[in-house]
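Written below as structure tokens is the structure these notes are about.
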Amino acid sequence: MARVAGRSITMSWIAGIVCTGIVLSLVWLSMPIMPVLASFVGDTLRSVLP
């Protein structure tokens, strides 16, 4: 395993892929709320702006 400043490049790549997978799964799970959130923001902006 290659090491840069005491860190394993292989383990860094594995951790990066795992973190990316977690973030992408959270984005996937949050997709159904997007239309509701857009409606909420639109209604709020319409009520705030004259």
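The values are calculated or read from the model by the stated rules, or taken from the named source; none is laboratory data. Just so we're clear, the structure is a prediction, and the values are computed from it rather than from any experiment. Heads up, the Cβs are rebuilt from the backbone with ideal geometry, glycines too, and the neighbour counts pull from every protein chain shown. Remember, those area values only see protein heavy atoms, side chains included, never the ligands or the DNA or RNA. Shrake-Rupley method; radii C 1.70, N 1.55, O 1.52, S 1.80 Å.
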Checklist line | Candidate set from segment 4-47 (those that are of a type in the set (D, E, K, R) and in a helix (DSSP H, G or I)); member that is most open to solvent (accessible area, probe 1.4 Å) | finding: Arg46
Margin query: For Met1, only one of the following conditions fails: (1) open to solvent by 90 Å² or more (accessible area, probe 1.4 Å); (2) of a type outside the set (D, E, K, R); (3) modelled with pLDDT under 95; (4) out of contact with any helix residue (DSSP H, G or I) (no Cβ under 6 Å at 6 or more places or on another chain). What is its number?
Written below: (4)
